[in-house]
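Working notes, structure below.
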Amino acid sequence: MANIIITGASRGIGFELVKLFAADGHHILALSRNENPVRDLALENVSTFSCDISKHADLKKVATFIQNWKTVDVLINNAGKLLNKPFLETEAVEFEEVYKVNVFGLANITKLVLPKMPKNGHVLSISSMGGVQGSVKFPGLSAYSSSKAAIITLTELWAEEFKETGPSFNVLALGAIQTEMLEEAFPGYLAPISALNMASYIKDFSLNGNALYNGKLLQVSSTTP
């Protein structure tokens, strides 16, 4: 059984991932600012505590926890912060807060976990179609979509830097999934894919996709947005 870290685990895709991995007997560290949804599941092979990946003090808690694991086999960078606001109305601090989670927080927890990962480990980051060059873009998402573009480039860079030692790095650019975040970005829009549907795909890819892919962006979308 694998040791797996999932960020953004309190709702949506991350929450569904926790349940799916746990059902298969894997050991999971589920991280989010609100640990209560995962804690309430009371799953024996799931550990959780409140963790904001943009805060160094919280990342220290992660470092302490994984000392008890021989390896971290899979890291799923799922946590994300959304801002849906016209660019000219966006304050600098708001733009920065999105990047603190989506880019710097993601980079910091990846850096923290990498020394515990084996050559055949897998760092899988969740981006968005909004971050893919040439894709359809939407007003109000300057901070969010540009931060998701940064994740794609980071993945390519890390795959090159660690190509001899591992682990593998891949990124999935997701289209519209019926989650709370989608409702915040596109109020009233109904997506054709549920959080559970997408979590099932991500679960399988995180465990097996690195056998065929490294440093790759996969666009996982059937609709626009």
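The values are calculated or read from the model by the stated rules, or taken from the named source; none is laboratory data. Worth saying up front: this structure is predicted, and the values here are computed from it rather than measured. Don't worry about glycine lacking a Cβ; one is built from the backbone with ideal geometry, like all the others, and counts go over all protein chains shown. Only protein heavy atoms, including side chains, enter the accessible area calculation; ligands, DNA and RNA are left aside. Shrake-Rupley method; radii C 1.70, N 1.55, O 1.52, S 1.80 Å.
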Quick one: accessible surface of Leu154, probe radius 1.4 Å, all protein chains present, in square angstrom to the nearest 10.
-> 40 Å²
When N counts the residues of the stretch 63-132, how does its alpha-carbon radius of gyration compare numerically with 2.2 N^0.38 Å, as a ratio?
-> 1.38
So what J values fall out for the stretch 88-100 if you push phi through Karplus, 6.51 cos²θ - 1.76 cosθ + 1.60 with θ = phi - 60°, rounded to Hz, Gly and Pro as x?
-> 5, 9, 7, 6, 4, 5, 5, 4, 5, 5, 5, 5, 4
Solvent exposure ordering (accessible area, 1.4 Å, most first) of Thr48, Thr165 | Thr165, Thr48
How big is D for the stretch 168-213, in µm² s⁻¹ as a whole number, if Stokes-Einstein is applied with the Kirkwood radius of its Cα pairs at 20 °C and 1.002 mPa s?
-> 181 µm²/s
Under the Karplus relation 6.51 cos²θ - 1.76 cosθ + 1.60, θ = phi - 60°, what is the ordered set of whole-Hz ³J(HN,Hα) values for the stretch 132-142, x standing for Gly and Pro?
-> 8, 4, x, 7, 5, 10, 10, x, x, 10, 4
Taking Cα pairs closer than 8 Å and at least 6 residues apart, the relative contact order of the stretch 104-225 in percent is 32 percent
Taking every pair of Cα atoms in the stretch 25-66, average 1/r, invert it to obtain the Kirkwood radius, and report Rg/Rh to two decimals.
-> 0.98
Karplus-derived 3J(HN,Hα), 6.51/-1.76/1.60, for each residue of the stretch 198-215, Hz, glycine and proline x = 5, 4, 4, 5, 4, 4, 5, 5, 5, 8, 10, x, 6, 6, 10, 10, 8, x
Would you mind finding the longest exposed-site-free stretch of the chain, with exposed GluC sites (Glu not before Pro) meaning DSSP loop and at most 13 other Cβ atoms within 10 Å?
-> 92-163
Take every Cα-Cα distance within the stretch 58-174, group them into 10 Å bins from 0 onward, and report for each bin the whole-number percent of pairs it holds.
-> 13, 41, 30, 13, 2
Could you look at the chain and say what percent of its accessible area is carbon and sulfur, using a 1.4 Å probe and all protein chains?
-> 54 percent
Let me have the relative contact order for the chain, percent, based on Cα pairs under 8 Å that are six or more residues apart.
-> 20 percent
Using only the alpha-carbon atoms of the stretch 116-225, report the extent along each of the three principal axes, biggest first, to the nearest angstrom.
-> 46, 27, 22
Considering the chain as a Gaussian network with a 10 Å cut-off on Cα pairs, which listed residue, Ala92, Ala79, Ala185, attains the greatest mean-square fluctuation?
-> Ala92
With only helices counted (DSSP H, runs n ≥ 4, each -39500 (n - 2.57)), the per-residue ellipticity at 222 nm for the chain, to the nearest 500, works out to -11000 deg cm²/dmol
Starting from the Cα of Lys119, draw a straight line to each of the aspartates and glutamates and keep only those under 20 Å, dropping any in the same chain fewer than 8 residues away.
-> Asp73, Glu156, Glu160, Glu161, Glu164, Asp204
Here, the stretch 1-129 modelled as identical Cα point scatterers in vacuum has Debye log10 I(q)/I(0) at q = 0.10 Å⁻¹ of -0.31
Set of aspartates and glutamates with alpha-carbon distance to Lys85 below 20 Å, sequence-local pairs under 8 removed = Glu94, Glu96, Glu97, Glu180, Glu183, Glu184
Roughly how many Å is it from the Cα centre of the stretch 124-190 to that of the stretch 2-47, as a whole number?
-> 21 Å
Do me a favour and compute the ellipsoid semi-axes for the chain from its Cα gyration tensor, root of five times each eigenvalue, largest one first, whole Å.
-> 26, 19, 18
Under 5 Å between amide H atoms, partner at least 5 residues away or on a different chain: which partners does Lys216 have, H built in plane at 1.01 Å?
-> Val171
Over 31 Å (Cα to Cα) - which of Lys61/Lys137; Lys55/Lys148; Lys100/Lys163; Lys60/Lys148 fall in this group | Lys61/Lys137
Sites removed, the longest contiguous part of the chain containing no DSSP-loop trypsin sites (Lys or Arg not before Pro) with at most 16 other Cβ within 10 Å is 164-225
When ligands, DNA and RNA are left out and all protein chains stay put, how many square angstrom of accessible area per residue does the chain have with a 1.4 Å probe?
-> 48 Å²
